[in-house]
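A.B. asks: Handing you this structure, nothing more for now.
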Amino acid sequence: MTATISHARLRVLFAFFAVASLLLSARLAYWQTVGRADLLSRATDQVHSDLIVAAQRGVIRDRNGAILATTVELRSLYAIPGLMTDRDGTDLKPRIASTLAPILGEKAEVLRAAFESGAEWLFVRRRLPEDIAARIAALHLAGLGFEMEPKRLYPNGAVGAQVLGFVNDDGVGQYGVEGRYAAELSGTPGRLVVARDPANRELALGLRTAVPATNGDDLWLTIDLAVQNAVERELAAVVEREKASGGAIVVLDPKDGAVLAIASSPTYDPARVGSADAEALRNRAISWTYEPGSTMKAITVAAALDKGVITPATSYQDVGYAVIGGRKLCNAQCKVYGPTTVTQILARSQNAGAVFVASKLGAADLNAYLKSFGFGQRTGVDLSAETGGIVRPLAEWYPVDLGTISFGQGLSITPLQLASAYAAIANGGTLYQPYVVASRRDADGEHRTAPVAVRRVISEETSATLVTMLTTTVDNGIANAAALKGYSVAGKTGTAQIPSDEGRYVDDAYISSFAGFVPAIDPRMVVVVVLEKPQSKLLGTVPVMNTFKAIATDALRYARVQPDRP
């Protein structure tokens, strides 16, 4: 009996095959026309390798070309635990851990735990010193290998750490110049596309597309390494001698605001930043605020001289205190001086005298001059993490604030702000924006930083008058310990109480400071030294002035500045 297929079923089969043929033809037409580019791209991806070409990070140099930060390639040790066996399949992890431990200075059990953690691949130690890497490579241990990684190198160790910042393990700049100029230093990675055969071998005649990397810019700083060395040495010495909690030093060129040196204590080594605590990472010169004390008397006098409400010879009867806003504000130890000129107010650092001058000036003008000198706002220095300090709005001042602020209480500032203000006094009355990067150099050439004159804060006449008064303060007054043989020095000491969290002042703890410039006429540098909680307490300005003196002596000798006095 012969089986037959009905005509209806044949028609269904024919229709099915016809539709399938049409769909297949349409799909084929799509891939040959519209989808051709996508299909070709997918096929190309299977035989091409796309590699990122790292850019070289820029070099940082001091103003004379000395290298402060550069980059070298070092070997990083990695492990593939699954390959840590011998030919017989014996587990070698314990033996390898024991062999590596003394070389790396690590405990064997820590290494073994890492190898047995279940990870398919892990870094054992990144960026090894070359002698250590060579010792490990010579052992030919199973499951270990090396990968080249860039390592930021700081040839001068911890010197300049607060200015430079550091680069983390991911190659990202943190703090200081490394953080502020991260994009400029990093450059732009390149791209390399190469053709490979089915065995993943690069084809010598295959397609090759390259976008070259753009290396990072080199930076030349305003920092002078010789001055920076002297500043850090002297700061470390005075902090140790005085058992101080910390401190900061700033050295500026008053002519244009260039930063010659910045140091902060505690500090850290950028090559060992992992062991540094948070306080060591903070640059106290720009991110720590304090009540300045009597260094502000120079600003109060500058404002009153500039407004014409006093002269150096203006006098008052000092009775040891002044009453303002119903409050009694005393000189140190409430000492009575009798008839006193404004020049003597600075030379003796009389609080009552500062209140007398401020009362002549008025709260509105004092507030305006504080802001004009740059207090209560960031200086704009090209470093990361700067703070602006606090100068309260005039509407929030109580009557007594005119008195306390006149001698440096009731406001907070940074050491760099104080240095910038004294630079304006020193240079004839112009406030400059401090800066650290002198020039940036890329493939297009050198791009120099133009100094920024922010504003005129006092007249040249006021500046000259105040310089003479501050020189007298050093020659014959309370700041005599800052005097230098052969050079005129202008400056002012400061002793400030430390506010507590409860809104009072900490008992028997002070911040000692000195702000000055040398030579007093045509000055080459402004130096601000600030010390927190020196053991000398109220006498802490003496070691601070000695520190100023040591730094200025070294810097003047190094710069070959001729004496201006016999």
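A.B. asks: Using +1 on the beta carbon of Lys and Arg, -1 on that of Asp and Glu, and nothing else charged, what's the dipole of the stretch 74-155 about the Cα centre, debye to 20? Please report the intermediate quantities before stating the final value.
C.D. replies: Working: 12 positive and 11 negative charges, 65 e Å.
In total the dipole reaches around 320 debye.
A.B. asks: Here is a further query. Longest segment of the chain with no trypsin sites (Lys or Arg not before Pro) in a DSSP loop having at most 10 other Cβ atoms within 10 Å?
C.D. replies: Values: sites that count: 87, 201, 243, 485, 504, 560.
Result, exposed sites excluded: 244-484.
A.B. asks: Could you compute how much accessible surface residue 16 exposes when probed at 1.4 Å, giving the result in Å² to the nearest 10?
C.D. replies: Approximately 130 Å² for this residue.
A.B. asks: Between residue 14 and residue 377, what is 0.36 nm times their sequence separation minus the Cα-Cα distance? Round to one decimal in nm.
C.D. replies: So the extension gain works out to 122.1 nm.
A.B. asks: Determine the order of 343, 473 by accessible area, beginning with the largest, at a probe radius of 1.4 Å.
C.D. replies: Values: 343 30, 473 0 Å².
Highest to lowest solvent-accessible surface, that is 343, 473.
A.B. asks: Follow-up question, since we're still on this one. Can you compute the helix-only [θ] at 222 nm over the chain? Use -39500 (n - 2.57) per DSSP H run of at least 4 residues, normalise by all residues, nearest 500 deg cm²/dmol.
C.D. replies: Details: 19 runs with 201 residues, N = 566.
It comes out at -10500 deg cm²/dmol, rounded to the nearest 500.
A.B. asks: To the nearest 20 debye, what is the magnitude of the charge dipole of the chain about its Cα centre, counting +1 on the Cβ of each Lys and Arg and -1 on the Cβ of each Asp and Glu?
C.D. replies: 440 debye
A.B. asks: Then there is this: Distance from a point 7 Å along Cα→Cβ of residue 233 to each backbone N in the stretch 515-551: keep the residues under 13 Å and list them by number.
C.D. replies: 550-551
A.B. asks: Relative to the first principal axis of the alpha-carbon coordinates of the chain, what is the inclination of helix 297-307, with its axis defined by its Cα atoms, in degrees from 0 to 90 and to the nearest 10?
C.D. replies: In the chain, helix 297-307 runs at an angle near 70 degrees to the longest axis.
A.B. asks: Further, regarding this structure: Based on the Cα atoms of the chain, what semi-axes does the equivalent ellipsoid have, where each is the square root of 5 times one gyration tensor eigenvalue, given in whole Å with the largest first? Intermediate results must be reported in sequence, preceding the final value.
C.D. replies: Values: eigenvalues 900, 180, 111 Å².
That gives 67, 30, 24 Å for the three semi-axes.
A.B. asks: Also, I was wondering about something else. In the structure shown, do any of 243/549; 335/537; 328/549; 307/371; 335/360; 255/360 have a Cα-Cα gap over 26 Å, and if so which? Don't skip to the answer; put the middle values down first.
C.D. replies: Details: 243/549 20 Å; 335/537 19 Å; 328/549 35 Å; 307/371 15 Å; 335/360 22 Å; 255/360 31 Å.
Check vs 26 Å cut-off fails for 328/549; 255/360.
A.B. asks: Taking the Cβ of residue 449 as the centre, find all other residues whose Cβ is under 15 Å away and add up their charges (Lys, Arg: +1; Asp, Glu: -1).
C.D. replies: -2
A.B. asks: Between the stretch 339-400 and the stretch 503-566, how many Å separate their Cα centres?
C.D. replies: Cα centroid of the stretch 339-400 versus Cα centroid of the stretch 503-566: 20 Å apart.
A.B. asks: DSSP loop (so not H, G, I, E, B), at most 14 other Cβ within 10 Å: list which GluC sites (Glu not before Pro) in the stretch 460-513 pass both filters. Please list the in-between numbers first.
C.D. replies: Details: sites: 460, 461, 502; in loops: 502.
Within the stretch 460-513, the qualifying GluC sites (Glu not before Pro) (loop, at most 14 other Cβ atoms within 10 Å) are 502.
A.B. asks: Here's another thing I want to ask about it. Among the aspartates and glutamates, which fall within straight-line cross-link reach of residue 492, defined as a Cα-Cα distance under 12 Å, with same-chain neighbours fewer than 8 residues apart omitted?
C.D. replies: 475
The values are calculated or read from the model by the stated rules, or taken from the named source; none is laboratory data. This structure is a prediction, so every number in the text was calculated from the model and none was measured. A quick note on method: Cβ atoms are made from the backbone with ideal geometry, for glycine too, and the neighbour counts reach across all protein chains shown. For accessibility, only protein heavy atoms count, side chains too; no ligands or nucleic acids. Shrake-Rupley method; radii C 1.70, N 1.55, O 1.52, S 1.80 Å.
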